[in-house]
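Since the structure comes first, as structure tokens, the remarks are kept for the end.
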Amino acid sequence: MKKKKRKKKVMAGNSGTAPEEKDINATKKTSSHSSGEKTDGRKNKMKKRLLKEAEKADKRGVCYLSRIPPHMDHLKLRRILSQFGDIQRIYLAPEGDSASRAPSKSSRRSRDQVFSEGWVEFTDKRVAKKVANMLNGEQIGGKKRSAFYYDLWNIKYLSKFKWDDLTEELAFKKAVREQKLAVELSAAKRERDFYLSKVDQSRALSSIEERLRKKQKLDQNSGKIAKVIRNFPQKKPISANADGNKPRVSDDVLDAVFGGL
């Protein structure tokens with residue numbers, strides 16, 4: 001009976017701990033589920049934003065300016081063109097090497113820069129098309145004191161052209177320019193190393209010549225130095241009459257030996 005009571009107590013204790021573990025697991029599941037819902041909500045919001053931006057980008061239009069008058073900058077251009085419609089972005093390409101050259105104190109302001117071409121993005125492509133058709137070939141006008149009062153607009157609407165295409169093209173040109181610059185720098189470095197090696201060789205040769213000249217001057221000042229003659233032990237040569245001094249066999253003996261043959 002006692003054993004049965006103990007078993008019942010143990011079973012009762014186990015039945016008391018099981019609900020707590022279930023609550024912990026349930027809280028973990030709910031927390032993971034809530035975190036997953038949050039990440040999904042963020043992703044959905046990002047997708048919606050991207051879709052809205054893509055729709056807005058499809059509605060925008062880009063106009064190309066083949067010539068920028070002198071003393072014209074993006075602020076003045078925005079002020080003039082904003083009268084005809086809302087402008088999103090403007091990019092003016094510096095002329096020549098002014099893009100890669102570091103700006104000096106006298107050319108830090110945009111009015112001192114010279115631009116070769118430009119792109120203007122309107123929020124509505126229909127407005128951009130109308131502006132290009134209306135202003136192309138017309139006088140810029142404005143105040144008569146302005147430097148570009150008598151200049152003409154050279155503007156064209158770019159159909160099926162987006163601002164991303166422009167950024168890709170600019171990035172490609174920048175990469176090509178950097179690659180050319182790296183090649184030129186490597187070639188200049190090789191030429192510099194070759195020149196320095198030749199300079200070191202010429203210095204070494206000139207130092208050797210100077211040492212030889214100093215040595216010759218010292219020899220001339222000290223006078224002539226007697227030549228050192230070295231004597232090596234040699235055997236005496238064999239004289240021409242050495243064969244006559246050798247003992248010879250008489251002819252009688254030779255006849256006695258070879259006569260019987």
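The values are calculated or read from the model by the stated rules, or taken from the named source; none is laboratory data. Computed from a predicted model, the values in this text were never measured in an experiment. Cβ: placed from backbone, ideal geometry, glycine included. Neighbour counts: every protein chain shown. Areas reflect the complete protein model, heavy atoms only, side chains present, ligands, DNA and RNA absent. Shrake-Rupley method; radii C 1.70, N 1.55, O 1.52, S 1.80 Å.
Considering segment 58-87 alone, what residues qualify as being in a loop (DSSP other than H, G, I, E, B) and among the charged types (D, E, K, R)? Don't jump to the end; show me each part of the working.
In the first step, residues of segment 58-87 are kept if they are in a loop (DSSP other than H, G, I, E, B); the result is 60, 66-73, 82-86.
Result: ARG60, ARG67, ASP73, ASP86.
Between ARG60, ARG6, ARG49, ARG79, which is basic (Lys, Arg) and at pLDDT below 55?
Result of the check over ARG60, ARG6, ARG49, ARG79: ARG6.
Listed here are the residues, each with its yes/no results for (1) more than 15 Å from the chain's Cα centre (by Cα); (2) within 17 Å of ASP73 (Cα to Cα); (3) surrounded by 11 or more Cβ atoms within 10 Å (Cβ to Cβ).
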residue	(1), (2), (3)
GLY141	yes, yes, yes
LYS144	yes, no, no
PHE148	yes, yes, yes
TRP153	yes, yes, yes
TYR157	yes, no, yes
ASP165	yes, no, yes
ALA182	no, no, no
ALA188	yes, no, no
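Is it the case that segment 145-164 has a residue that's without any contact (Cβ under 8 Å) to a residue 60 or more places away in the chain and part of a helix (DSSP H, G or I)?
No, there is no match, as no residue in segment 145-164 is without any contact (Cβ under 8 Å) to a residue 60 or more places away in the chain and part of a helix (DSSP H, G or I).
Name the residues in segment 85-99 that are open to solvent by 80 Å² or more (accessible area, probe 1.4 Å) and either farther than 29 Å from ALA175 by Cβ or modelled with pLDDT under 85 (or both), would you?
Correct list: ASP86, GLU95, ASP97.
For segment 39-80, what are the residues that are over 30 Å from PHE148 (Cα atoms) and of a type in the set (Lys, Arg)?
Within segment 39-80, ARG42, LYS43, LYS45, LYS47, LYS48, ARG49, LYS52, LYS56, LYS59 meet the criteria.
Tell me, which residue of segment 190-219 that is open to solvent by 80 Å² or more (accessible area, probe 1.4 Å) and among the acidic types (Asp, Glu) is nearest to GLY96 (Cα to Cα)?
Out of the qualifying residues, it is GLU191.
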